[in-house]
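Below is one structure, written out as structure tokens, with a few remarks after it.
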């Protein structure tokens, strides 16, 4: 059995992005119920040398929808982080990534298989095949940033569990 580039990427991105939207909503509800300023969560870090929650969420979007757009364009660069998004804007970014990926057709993604994508960072340029870029670079980064955002919410007292991270699993249901 073979699996297409679309099948190996888009459903997995969507599953975890939807879970991210869900645990972010739980985080917002927790903040409201406990008198926590959502801006404090947006600026929260696990450790002083790590990037804040806002960076983690923007990176989740960049390494999902942005990665697919990167393989389509043949180039991927680090995200531009000039805007200081508030909690609602970060939720909007996740929702937009979900919508963007839902709108992708299998042919659009599968047509990138075997193509070259350049990861350009500063003066450095790394060349990948599209599938190697997604599976060895972008998806691990995606999961790192989702996990870090989840952990920041847990650190801030949001009652989350593993199911919140995994989201809705695509298991076969009995007929």
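Taken together, the values in this text are just the output of simple stated rules run on the coordinates, not laboratory data. Only a predicted model underlies this, so the values are computations on that prediction, with no experimental measurement involved. No Cβ is skipped: glycine too gets one built from the backbone with ideal geometry, and neighbour counts run over all protein chains shown.
Provide the FRET efficiency to the nearest 0.05 for the residue 118-residue 29 pair, computing r from the beta carbons and using R0 = 35 Å.
Working: r = 42 Å, r/R0 = 1.19.
It comes to 0.25.
From Cα pairs below 8 angstrom and at least 6 apart in sequence, can you work out the relative contact order of the stretch 14-88, rounded to a whole percent?
Working: 38 pairs, mean separation 21.5, N = 75.
RCO, the stretch 14-88: 29 percent.
How far is helix 5-33 tilted, in degrees, relative to the longest principal axis of the Cα atoms in the chain, given as a value from 0 to 90 rounded to the nearest 10?
Tilt of helix 5-33: around 10 degrees.
If you average 1/r across every pair of different Cα atoms in the chain and take the reciprocal, what Kirkwood value do you get, in Å? Walk me through the intermediate numbers first.
On the way: mean 1/r = 0.0591 Å⁻¹.
This gives a value of 16.9 Å.
Which residue fluctuates most in the GNM of the chain (Cα springs below 10 Å): 38, 11, 48?
48
What distance in nm separates the two pseudo spin-label positions at residue 132 and residue 50, each 7 Å out from Cα along the beta-carbon direction?
3.1
Using 0.36 nm per residue, how much length does the chain from residue 72 to residue 155 gain when fully extended, once their Cα-Cα distance is taken away? List each step's numbers first, then the result.
Values: separation 83, 0.36 × 83 = 29.88 nm, distance 3.69 nm.
Result: 26.2 nm gained on full extension.
Could you work out how far the C-alpha centroid of the stretch 115-157 sits from that of the stretch 27-64, in angstrom?
The stretch 115-157 and the stretch 27-64 have Cα centres separated by 18 Å.
With contacts defined as alpha carbon pairs under 8 Å and 6 or more residues apart, what's the relative contact order of the chain in percent? Intermediate values should be presented prior to the final figure.
Values: 197 pairs, mean separation 62.0, N = 175.
Relative contact order here is 35 percent.
Helix 139-155 versus the longest principal axis of the chain: what angle, 0 to 90°, nearest 10, using Cα atoms?
So the helix axis and the longest Cα principal axis differ by about 0 degrees.
Using helices alone, I'd like the mean residue ellipticity at 222 nm for the chain: each DSSP H run of four-plus residues gives -39500 (n - 2.57), total over residue count, nearest 500. Provide the component values of the computation, followed by the final result.
Working: 8 runs with 97 residues, N = 175.
The helix-only estimate for the chain comes to -17500 deg cm²/dmol at 222 nm.
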